[in-house]
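First up is the structure itself, then whatever we jot down about it.
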Amino acid sequence: MRFFLDTANVDEIRKANDMGVISGVTTNPSLIAKEGRDYAQTLKEITTIVDGPISGEVKATTEKAEDMIREGEEIYALDPQHMVVKIPMTAEGLKAIKALSEKGIPTNCTLIFTPAQALLAARAGATYVSPFLGRLDDISTVGMDLVATIREMFDNYGDIETQIIAASVRNPLHVVDCALSGADIATVPYKVLEQMLHHPLTDSGIEKFKQDYVKVFGE
Ligand code: E4P
């Protein structure tokens, strides 16, 4: 399983990229709005930091397929080597995914909450589907079951190449379960990446090594 960073904050993206563990970034309208910066410029800057797929979503106000296609082409044109067009799971969204994929533009179908939605997105030609675990957990439905079911379903058909991005990841346990459930990618907020790094025994172990070393060898 690979890691994407789920944020539009360029400082976090730089720090995570420097760790050498992320191979892409996902954003959404809420995450970019939180940064208070220009939408397209933010995406463009992210493409200069991470050399991998960068998901940029069509505007939250866009509902018609033809508008999503036009916007998708603009997003893709920001950096054709890296940009992936994120499209919400609607009938119009599926039409847009189909049209963009026929033009060779990669897409990420977002807001997936059922296996059936994931199958539709795959058949429309989505490069990625994004099942939202945390938001399902929030309404007392086991989000991880969705990832496992999509994995099993996609594996039944050799012609489905759509990759599963486990999204709405809220903690390190989610990450481990994503890997066990066969997600291709987990997109994680920076906070979760930091939580994954630490363990109290690692921290106290480092401190003890330091003290023992200094006692004998000095600073
Ligand atoms: C990523 O593609 C999603 O937009 C994101 O993971 C949603 O996460 P949230 O449910 O924590 O907002």
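The values are calculated or read from the model by the stated rules, or taken from the named source; none is laboratory data. Note that the structure is a prediction, hence the values are computed from the model and not measured. Every residue, glycine among them, receives a Cβ derived from its backbone with ideal geometry; neighbour counts consider all protein chains shown. What goes into the accessible areas is simple: the full protein's heavy atoms, side chains included, and nothing from ligands, DNA or RNA. Shrake-Rupley method; radii C 1.70, N 1.55, O 1.52, S 1.80 Å.
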Discussion item. Given a 10 angstrom Cα cut-off, can you work out which residue in Pro200, Pro189, Pro80 is the most mobile in a GNM of the chain?
Written reply: Pro200
Response to the item:
Comparing Ala186, Ala118, Ala77 in a Gaussian network model of the chain (Cα, 10 Å), the one with the largest mean-square fluctuation is Ala77
Worksheet item: In deg cm²/dmol, rounded to 500, what helix-only [θ] at 222 nm does the chain give when every DSSP H run of at least 4 residues adds -39500 (n - 2.57) and the total is split over its residues?
Response: -16000 deg cm²/dmol
Discussion item. Rounded to the nearest angstrom and ordered from largest down, what semi-axes does the equivalent ellipsoid of region 1-94 get from its C-alpha gyration tensor (root of 5λ)?
Written reply: 23, 13, 12
Item to complete: For region 2-217, give the percent of accessible area contributed by carbon and sulfur heavy atoms, probe 1.4 Å, rounded to a whole number.
Response: 55 percent
Worksheet item: In the Gaussian network model of the chain, springs joining C-alpha atoms below 10 Å, which of Gly104, Gly143, Gly24 carries the largest mean-square fluctuation?
Response: Gly104
Worksheet item: Looking at region 57-133, which trypsin sites (Lys or Arg not before Pro) are in a loop (DSSP not H, G, I, E or B) and have at most 13 other Cβ atoms within 10 Å?
Response: Lys59, Lys64, Lys103
Item to complete: Compute the accessible area per residue over the chain, keeping the other protein chains in place, probe 1.4 Å, unit Å².
Response: 51 Å²
Practice prompt. Could you work out how far the C-alpha centroid of region 150-219 sits from that of region 20-52, in angstrom?
Written response: 21 Å
Practice prompt. Among DSSP beta bridges whose residues both lie in the chain, state the antiparallel percentage, nearest 5.
Written response: 0 percent
Discussion item. Give me P(r) over the chain, computed from all C-alpha to C-alpha distances, binned every 10 Å, as integer percentages.
Written reply: 8, 32, 34, 15, 6, 4, 1, 0
Worksheet item: What pairs from Lys191/Lys215; Lys15/Lys103; Lys34/Lys86; Lys64/Lys103; Lys64/Lys191; Lys98/Lys191 go past 27 Å between their alpha carbons?
Response: Lys191/Lys215; Lys15/Lys103; Lys64/Lys191; Lys98/Lys191
